[in-house]
Amino acid sequence: MRRKLAAGNWKMNGTGAALSELDLLAAKHPSPSLDILICPPAPLLHRAASAVENTSVSVGGQDCHADASGAHTGDISAEMLKDAGASAVILGHSERRVDHGERNEDVRAKARTVMDAGLQAIICVGESLEQRDVANTLDIIGGQLSGSIPDQSTGENLVVAYEPIWAIGTGKVPTLEEIGEVHDFIRARLERRFGEGVGRSVRLLYGGSVKPGNATEIFGVSNVDGALVGGASLKAEDFSGIIQALESI
């Protein structure tokens with residue numbers, strides 16, 4: 001059985017004062033039946049890792065450079081994230097693909113570095129509203145999967161997050177049928193490429209306007225193993241509701 005995962009992406013939000021939310025979150029879920037991951041901004045990562053030490057909450061990074069080290073001013077390596085206490089790194093988020101022009105091959109190179117460092121890569125895929133409107137969703141997702149995921153992937157070092165770009169932070173959510181179609185497609189692609197053993201062991205997350213009020217029905221969809229949550233992960237109370245919904249499935 002795949003262990004469920006509730007992952008929170010704080011994006012460019014939070015200062016040191018926000019770390020108190022981690023204390024609240026850990027107190028609310030001392031012995032969860034799933035994995036809880038928070039990915040704060042890089043300047044908070046080490047302090048966040050210290051705050052959740054010996055609790056049920058883990059921390060991760062939001063991005064990294066494809067190189068292990070070098071002359072890359074302002075960038076962060078996977079080894080640096082690991083040294084700061086990260087266990088995972090979000091890669092290929094639509095905001096990175098759009099705002100920074102990241103291509104599938106860039107995401108793949110970063111994922112290799114993350115996996116080589118012994119960290120878990122959470123690789124994001126998702127279509128724009130225009131692409132969905134022309135019924136191009138599965139073609140887009142298929143290309144992102146093929147181009148972004150390294151050959152060394154396993155159920156231990158890879159998580160795939162489906163985040164339709166048009167649903168991120170908008171309050172819009174695909175129908176349950178649409179979510180299920182994409183998650184089933186991703187599962188089938190992973191099994192075809194890596195074999196049933198690995199393909200079935202990779203956790204698939206849904207992301208895009210997940211809230212306590214809609215989490216239970218989303219988590220009941222085929223091949224949804226958890227969520228990658230944005231704004232609702234900033235407050236322990238909101239994120240806790242999503243965690244409880246996932247634990248109830």
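Of the helices (runs of 4 or more DSSP H) that lie entirely inside the stretch 91-202, those containing 3 or more residues that are touching a residue at least 60 places away in the same chain (Cβ under 8 Å) and closer than 25 Å to Ser233 by Cα span 94-99. Scanning the stretch 188-203 turns up one or more residues that are surrounded by 14 or more Cβ atoms within 10 Å (Cβ to Cβ), among the aromatic types (Phe, Trp, Tyr) and under 28 Å from Val59 (Cα atoms). Here Lys211 meets the list (1) within 23 Å of Asn13 (Cα to Cα); (2) within 15 Å of the chain's Cα centre (by Cα) almost entirely, failing just condition (2). Cβ-Cβ contacts under 7 Å between residues 6 or more apart (or on different chains), taken from a first residue in the stretch 71-84 that is within 15 Å of Ser50 (Cα to Cα) and in contact (Cβ under 8 Å) with a residue 24 or more places away in the chain to a second residue that is outside any loop (DSSP other than H, G, I, E, B) and of a type in the set (A, V, I, L, M, F, W, C), are listed as Leu81/Leu45; Leu81/Val89; Ala84/Leu45; Ala84/Ala49. Scanning the stretch 184-204 for residues that are out of contact with any Asp or Glu (no Cβ under 9 Å at 6 or more places or on another chain) and within 13 Å of Asp225 (Cβ to Cβ) returns Asp184, Ile186, Arg187, Leu190.
For Ala84, the conditions (1) within 23 Å of Ala109 (Cα to Cα); (2) surrounded by fewer than 16 Cβ atoms within 10 Å (Cβ to Cβ) are fulfilled apart from (2). Going through (1) surrounded by fewer than 15 Cβ atoms within 10 Å (Cβ to Cβ); (2) touching a Leu at 6+ places or on another chain (Cβ under 6 Å) one by one, Glu130 falls short only on (2). Out of the residues in the stretch 212-237 that are under 28 Å from Gly16 (Cβ atoms) and surrounded by fewer than 17 Cβ atoms within 10 Å (Cβ to Cβ), which is modelled with the lowest pLDDT? Here the answer is Pro212. Within the stretch 118-133, can one find any residue that is out of contact with any strand residue (DSSP E or B) (no Cβ under 9 Å at 6 or more places or on another chain) and closer than 23 Å to Asp67 by Cβ? Scanning the stretch 118-133 turns up at least one residue that is out of contact with any strand residue (DSSP E or B) (no Cβ under 9 Å at 6 or more places or on another chain) and closer than 23 Å to Asp67 by Cβ. Scanning the stretch 203-218 for residues that are free of Cβ contacts under 8 Å to residues at least 60 places away in the same chain and within 19 Å of Asp35 (Cβ to Cβ) yields Leu204, Tyr206, Val210, Pro212, Ala215, Thr216, Ile218. Working only within the stretch 30-54, note down all residues that are part of a loop (DSSP other than H, G, I, E, B) and more than 17 Å from Val229 (Cα to Cα). Across the stretch 30-54, the qualifying residues are Pro30, Ser31, Pro32, Ser33, Val52, Glu53, Asn54. Confirm whether Ser153 is hydroxyl-bearing (Ser, Thr, Tyr) and surrounded by 14 or more Cβ atoms within 10 Å (Cβ to Cβ). For Ser153, the condition - hydroxyl-bearing (Ser, Thr, Tyr) and surrounded by 14 or more Cβ atoms within 10 Å (Cβ to Cβ) - is met.
The values are calculated or read from the model by the stated rules, or taken from the named source; none is laboratory data. On a predicted model such as this, the values are computed, not experimentally measured, just so you know. FYI the Cβ positions are ideal-geometry reconstructions off the backbone, even for glycines, and counts take in every protein chain you see.
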